[in-house]
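Worksheet: one structure, shown below.
The values are calculated or read from the model by the stated rules, or taken from the named source; none is laboratory data. Remember, predicted model here, so these are calculated numbers, not experimental data. Here the Cβ positions follow ideal geometry from the backbone for every residue, glycine too, while neighbour counts run over all protein chains shown. Remember, those area values only see protein heavy atoms, side chains included, never the ligands or the DNA or RNA. Shrake-Rupley method; radii C 1.70, N 1.55, O 1.52, S 1.80 Å.
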Protein chains: 2
Amino acid sequence: MKVSSRSSERSEAERLVHVPLGERAYDILIGPGLIGRAGGEITSRLKGRRAAIVTDENVAPLYLEALMDSLQTDGIEAVSLTLPAGEKTKSLEHLATVTDMVLAARIERNDAVIALGGGVIGDLAGFAAGIVRRGVRFVQIPTSLLAQVDSSVGGKTGINTRHGKNLLGVFHQPDLVLADTAALDTLSEREFRAGYAEVAKYGLIDQPDFFAWLEKNWKPMFAGGPERIEAIAIACQAKSDVVVEDERENGRRALLNLGHTFGHALEAATQYDSARLVHGEGVSIGMVLAYQFSSRLNLASPDDAVRVEKHLKSVGLPTRIDEIPGEMPPTEKLLDAIAQDKKVKGGKLTFILTRGIGEAFVADDVPSSEVLSFLEGKRGK
Amino acid sequence: MKVSSRSSERSEAERLVHVPLGERAYDILIGPGLIGRAGGEITSRLKGRRAAIVTDENVAPLYLEALMDSLQTDGIEAVSLTLPAGEKTKSLEHLATVTDMVLAARIERNDAVIALGGGVIGDLAGFAAGIVRRGVRFVQIPTSLLAQVDSSVGGKTGINTRHGKNLLGVFHQPDLVLADTAALDTLSEREFRAGYAEVAKYGLIDQPDFFAWLEKNWKPMFAGGPERIEAIAIACQAKSDVVVEDERENGRRALLNLGHTFGHALEAATQYDSARLVHGEGVSIGMVLAYQFSSRLNLASPDDAVRVEKHLKSVGLPTRIDEIPGEMPPTEKLLDAIAQDKKVKGGKLTFILTRGIGEAFVADDVPSSEVLSFLEGKRGK
Ligand SMILES: NC(=O)c1ccc[n+]([C@@H]2O[C@H](COP(=O)([O-])OP(=O)(O)OC[C@H]3O[C@@H](n4cnc5c(N)ncnc54)[C@H](O)[C@@H]3O)[C@@H](O)[C@H]2O)c1
Ligand SMILES: NC(=O)c1ccc[n+]([C@@H]2O[C@H](COP(=O)([O-])OP(=O)(O)OC[C@H]3O[C@@H](n4cnc5c(N)ncnc54)[C@H](O)[C@@H]3O)[C@@H](O)[C@H]2O)c1
Ligand SMILES: [Zn+2]
Ligand SMILES: [Zn+2]
């Protein structure tokens, strides 16, 4: 990571992570106040002078005006579309609404679609940007912690269908990511924690030092000090490293799914009811299960599973299936959901397992019987 | 071009054009009877053993059973979806139907979507293949001449919206193209001629010898002799060359739009009513106009325009705007349609002009007043 110094208004603490993807290379700026300076950052990088902003009804009243003002100041003609908040917005119907609005705004190849919001808005707007005229420029302004450390970086876009989550989409890298860390102040505590699960994930995958740093510094990170910017920058750098090595998820990128195979099954079991479980909470429980399962397979020490669970619990994240409110389906049903997950190849179960803190790896051939008996043991059945 | 010899059943006349796009490289096979041998050609190249076929109601009764039989023989589990024929099928609604069917068939990354039909089916099915799970394998079995020589090669996919044609789509290269030349026997004379306009286009862009060859050999080519296979192979090779040089149409690929700026305006003026004008007919008139306009700008000799018009007329294609049945809008309206065409960059008119037969080039800065007075002169107003 390099501290950037291109703008005089830029705060000392601001970070720049460059994602070196050749023709598709881009910058991620991380720091407070970026929404109010978006116009300048965009015009210094993109040729077009039109933009179509997509946002949601929670984020719009907080940040849309500041963004529009900044774009106008820098001579970008912008229109905006405010959609309902929540996972249901990642649908084909809303994709149609977004693409229609982008085309009506006469966005051409060099103009931009701007996503202002969390991962839902980023995934939907990015998909639209990827298909309008077979691809127009795309700027991510992630406002949730999860979006800042995960979904806004790497180019995966998508929507959900009745067959499952994220089943339609394209790879379409953004041309710029502006992670305004001040915007996180209005995020609910629960959503912040959920995003934190993904931050911790990078430590657990292959950065044991970062995980140890988080164990020590999570409190100021939650409170919003320079530790927050630091942690987000490290997370973005980690995601960037993986994406650069494996842009289209043919191999190493799968490591980012640590905790997600179990997590997705739990999300599906709650019908994606965010009152019961949000994605990051599922990932939190899923990561603990992945460590416990790895220890059960004699791959990792049980102490590591204990340490992971302890830390996630201390920040207030759920770590056990029975913390999920409401009735949960029987274990066989959970396993079905795992088998239906798109990370299944030719019928075999693919899992991210681990040999310790920061030592995750892709296991291609996990017998479902092992998973079943492990989960049944966990649930005291 | 190389004559392939991998299969004993393969006819002497069969051609193979390889499109060397690195990771996305693929073969185009051209010859009679390929639909009946599709299973073997697919299994020898693709890993997956499932397929979802998309076709239209004209093509299905003619070729679907033969395709399904061949797939079954080679152990590919296939389902099919038959859609209405015609340009209106390239819509978001039909895209939703196709993606739903593909997901229901549990097509995974290595399985294939197969397009069996003309350019409409190819563009729609290819778009679906490009977005399901962010991209699954895609096999083109083009059955119209236009699809065999143009739309099935190069990876452009898309659908139409109320804002214009092909405004939503992705670049998604096929993994295999099977151009069964025997299927062209059931194509209407009119559709065959329309496809022929695109064949002649390759000669006019940069292969004067090919154009001269077509002037001599168009009759046996229409009748279905080895000249047909030869001409299709040359066209595919020409398209492949351009695509390999400029996969995403940032430069040279624009040459393929020779005749298309005028052509699209004429299509729009007839509301894409295929009873009045089909795409290739618009291209035929458009190419003649491009040569005449180039001669008017003193770029090309008027003799070339005469020669182009003479040849296209002799095969039975329209070459003048007033051959289009029904009322045509005033010239200013046509110009509006040209300006709205997506090949407009930053407001300026981009045209493919020419210095002679086989000497097309991209002109970025054509004043619309020149176009207006040229067209008004043509239309005797
Ligand atoms: N593309 C990828 O690589 C990738 C990676 C991980 C997750 N995702 C996707 O991301 C989505 C989850 O993202 P998310 O957790 O950001 O969900 P989200 O977009 O629904 O945001 C969570 C909630 O926070 C609100 N919000 C966002 N920013 C706010 C702010 N600054 N102040 C107040 N409220 C704010 C939103 O309105 C929403 O209600 C899922 O759909 C998931 O599939 C994508
Ligand atoms: N993707 C590209 O690069 C590209 C390039 C050029 C054109 N296109 C698109 O292609 C489309 C036009 O393609 P098209 O001309 O093939 O149109 P089409 O698919 O509508 O086919 C023309 C007609 O012929 C019928 N047909 C096709 N094969 C037949 C056969 N063997 N026997 C009997 N009937 C048959 C079809 O049912 C249809 O009625 C347009 O939508 C255009 O935008 C795409
Ligand atoms: Zn996640
Ligand atoms: Zn064409």
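What dipole magnitude, in Debye to the nearest 20, does the range B:247-356 give about its Cα centre under +1 on Lys/Arg Cβ and -1 on Asp/Glu Cβ?
Roughly 500 debye for the range B:247-356.
Which value, in debye to the nearest 20, describes the size of the charge dipole of the protein assembly as shown about its Cα centre when Lys and Arg Cβ atoms bear +1, Asp and Glu Cβ atoms bear -1, and nothing else is charged?
Here the size comes out at about 320 debye.
How many square angstrom of accessible surface are buried between A and B, both sides summed, with a 1.4 Å probe and rounding to 100?
Roughly 2900 Å² of accessible surface disappears when A and B pair.
Rounded to whole angstrom, how close does the nearest chain A beta-carbon get to the axis mapping A onto B, and which residue is it?
A:V170, 3
Can you give me the angle between helix B:189-206 and the longest principal axis of chain B, using Cα atoms only, in degrees from 0 to 90, rounded to the nearest 10?
With both axes taken from Cα atoms, the answer is about 70 degrees.
Expressed as an acute angle from 0 to 90° and rounded to the nearest 10, what is the orientation of the C-alpha long axis of helix B:92-104 relative to the principal long axis of chain B?
Result, in degrees: 20.
Which percentage, to the nearest 5, of the DSSP beta bridges contained in the range B:7-186 is antiparallel?
Close to 25 percent.
Just to confirm, what accessible area per residue do you get for the range B:220-325 at 1.4 Å probe, in whole Å²?
Normalised by residue count, the accessible surface of the range B:220-325 is 35 Å².
Just check the range A:7-186 against the gyration tensor rule for me: Cα atoms, a ≥ b ≥ c as the square roots of the eigenvalues, rounded for a/c under 1.5, and otherwise prolate or oblate depending on whether a/b exceeds b/c.
Rounded is the answer for the range A:7-186, as its axis ratio a/c remains below 1.5.
Report the antiparallel proportion of the DSSP beta bridges in chain A as a percent, rounded to a multiple of 5.
Antiparallel bridges: around 40 percent, rounded to the nearest 5.
Evaluate E = 1/(1 + (r/R0)^6) for A:A104 and B:S44, where r is the Cβ-Cβ distance and R0 equals 51 Å; express this FRET efficiency to the nearest 0.05.
Efficiency at R0 = 51 Å is approximately 0.65.
Using a label point 7 angstrom from Cα along Cα-to-C-beta, what distances in nm, from shortest up, separate A:P84 from the other copies?
Those separations, rounded to one decimal, come out as 2.9 nm.
Compare the Cα positions of A:A194, A:F262, B:L176 along the charge dipole of the protein assembly as shown (+1 at Cβ of Lys, Arg; -1 at Cβ of Asp, Glu; about the Cα centre) and return the one farthest towards the positive end.
B:L176
Suppose a student asked you for the relative contact order of chain B, using Cα pairs under 8 Å spaced at least 6 residues apart; what percent would you report?
13 percent.
Which of the trypsin sites (Lys or Arg not before Pro) found in the range A:160-201 are in a DSSP loop and have at most 16 neighbouring Cβ atoms, other than their own, within 10 Å?
A:R162
Rounded to the nearest 500, what is the protein assembly as shown's calculated 222 nm mean residue ellipticity when only DSSP H runs of at least 4 contribute -39500 (n - 2.57) each, over all residues?
When only DSSP H runs of four or more count, the value is -13000 deg cm²/dmol.
Separation between the B:V79 and A:N250 pseudo-spin-labels, each 7 Å from Cα along Cα→Cβ, expressed in nm?
The two pseudo-label positions are separated by 2.9 nm.
Identify, among A:A112, B:A233, B:L92, the residue whose Cα sits farthest towards the positive end of the charge dipole of the protein assembly as shown, taking +1 on the Cβ of Lys and Arg and -1 on the Cβ of Asp and Glu, with the dipole about the Cα centre.
It is B:A233, whose Cα lies furthest towards the positive end.
Just want to confirm a number: the relative contact order over the range B:204-378, from Cα pairs under 8 angstrom separated by 6+ residues, in percent.
26 percent
Where in the range B:37-115 are there trypsin sites (Lys or Arg not before Pro) that are in a DSSP coil and have at most 14 other Cβ atoms within 10 angstrom of their Cβ?
Passing sites in the range B:37-115 are B:R45, B:K47, B:R106.
Would you mind checking the tilt of helix B:226-245 against the longest principal axis of the Cα atoms of chain B, expressed as 0 to 90 degrees and rounded to 10?
Orientation of helix B:226-245: about 80 degrees from the principal axis.
Given +1 on the Cβ of Lys and Arg, -1 on the Cβ of Asp and Glu, and no further charges, what dipole in debye does the range A:11-170 carry about its Cα centre, rounded to the nearest 20?
Here the size comes out at about 620 debye.
As a quick test, which of the pairs B:K90/B:K201; A:K156/B:K333; B:K88/B:K239; A:K219/A:K239; A:K239/A:K313 have an alpha carbon distance above 30 angstrom in this structure?
A:K156/B:K333
How high is the FRET efficiency from B:E332 to B:D273, r the C-beta distance, R0 22 Å, rounded to 0.05?
0.55
Between copies, how close do the B:P302 label points come, placed 7 Å along Cα→Cβ, listed in nm from shortest?
In ascending order, 9.7 nm.
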